[in-house]
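Only one structure is covered here, and it is reproduced in the block below.
Readers should treat all values here as calculations from the given coordinates under stated rules, not as data from a laboratory. The structure displayed is predicted, hence computed values, not measured ones. Quick reminder, even Gly has a Cβ in these numbers, built from the backbone with ideal geometry, and neighbours come from all protein chains shown.
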Amino acid sequence: MKKSLLLVLICLLFALNAIAQTDSLTFVKAPWETKTITGGVKWKHYWFKNNLFHSNQNINILEINLHRKVKLALGYEVKKLKPVVDFAKEDNAIAAINGGFFDVKNGGSVDLIKVDGIGLAPTQLAKSGQRVDHQKGALIFTNGVLSIGRWDGSTDWESKFNADVMVAGPMLIYHGVMEKLDTSSAFIKTRNPRTGVAVTCNRILLITIDGRNDNAAGVTIVEMAKIVKWLNAKDGINLDGGGSTTMWIDHQTENGVVNYPTDNKKWDHDGARKVANGVGEKVETQCFASPMHVKDANHRVSTVVLFLPMLFNIISHSININQCFAALFWVADINSVFFFQ
């Protein structure tokens, strides 16, 4: 009897391993639709038809190439509820995703947002004083460089960073090692729409996965972590998901929303949720230099701002601005992420 049970367990383990390998190959070898949004930023999309995690999955990825001298920084807007698209259009964005967790009833982030040394919202711990999963990671912006940090166990962890910070989570992968997740938690094991950020050796990846529909099942946090690993991330973090999950890219659909938000319970692009106080995240090329003064033939002085790596031709007075500027603005669950041009 014991030998039979052991044999069954061994067979089950082999079967599960084969399924996991099939999922990873399916994901990696998928014929992703890819479109360049602006210099150094690409949009990738694929709709898996019942062949990823034995389910339908609709996934969008915004990919930022760090070798194109893209810089990241935090921006913010306090206590407003509006869709991601509104944040994006007000700031002339070309792309956006939602971000961290927020208080739907009262507005404001439920986790720390710090910009220029000022805490816009404190981390609201549980009544027990313990941190929950979405308070054990953070996006950290230091002089335009984005990194992902993991809670070190201390009570004042967030205050230690001399940088702009947005606390979020759960962590998915850190320094190339998969995080241990509490698979007994309904939050971890239930399939839902998801939003996440991953960092590879040369890219920032902004990810949305649709759900709550027959066309897209959504993923568990464990499945989200697997996807981040298959994308070769060294660090990865989960952001707010569910009805908040939204990706907007200008001129790509009638309203710019490219995923299928669920707040209207329909499979269309019109169900984007209104979200709260925003933490901004900017991605911009290193375009700025000090103004310089130029004299013409009549000794009149003009002030010229030199943008690099723009093409600036003083003789023809031509500027190729499109090659200069791209920015990512993140608003709290928004914390929405925007690319400016």
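Go ahead and run the numbers for FRET between SER147 and THR26, Cβ-Cβ distance against an R0 of 41 Å, rounding to 0.05. List each step's numbers first, then the result.
Details: r = 30 Å, r/R0 = 0.74.
Taking R0 as 41 Å, the efficiency between SER147 and THR26 is 0.85.
What ranking of GLU90, GLU223 emerges when the number of other C-beta atoms within 10 Å of each C-beta is taken as an exposure proxy, fewest first?
Values: GLU90 12, GLU223 20.
By the 10 Å Cβ count, ascending, the order reads GLU90, GLU223.
Can you sort TRP157, TRP248, TRP230 by how many other beta carbons sit within 10 Å, fewest first? Let's see the in-between values first.
Working: TRP157 20, TRP248 31, TRP230 14.
So the residues, fewest neighbours to most, are TRP230, TRP157, TRP248.
Given a cut-off of 27 Å, name the pairs among LYS44/LYS234; LYS89/LYS127; LYS79/LYS160 whose C-alpha atoms lie farther apart than that in the structure shown.
Working: LYS44/LYS234 20 Å; LYS89/LYS127 39 Å; LYS79/LYS160 25 Å.
Going by Cα-Cα distance, LYS89/LYS127 fall outside the 27 Å limit.
I'd like the FRET efficiency for LYS234 and LYS49, computed as 1/(1 + (r/R0)^6) with the beta carbon distance as r and R0 of 30 Å, rounded to 0.05. It would help to have the intermediate numbers written out before the result.
Details: r = 30 Å, r/R0 = 1.01.
Efficiency at R0 = 30 Å is approximately 0.50.
Could you calculate the FRET efficiency of ASP270 with LYS80 from 1/(1 + (r/R0)^6), where r is the beta carbon distance between them and R0 is 22 Å, rounded to 0.05?
The value I calculate is 0.60.
Taking 0.36 nm per residue of sequence separation and subtracting the Cα-Cα distance, how much length would be gained by fully extending the chain between ASP214 and THR190, in nm to one decimal? It would help to have the intermediate numbers written out before the result.
Details: separation 24, 0.36 × 24 = 8.64 nm, distance 1.54 nm.
Once the chain is fully extended between ASP214 and THR190, it gains 7.1 nm.
So if I take the centroid of the Cα atoms in region 148-203 and the same for region 228-255, what is the distance between those two points in Å?
Cα centroid of region 148-203 versus Cα centroid of region 228-255: 15 Å apart.
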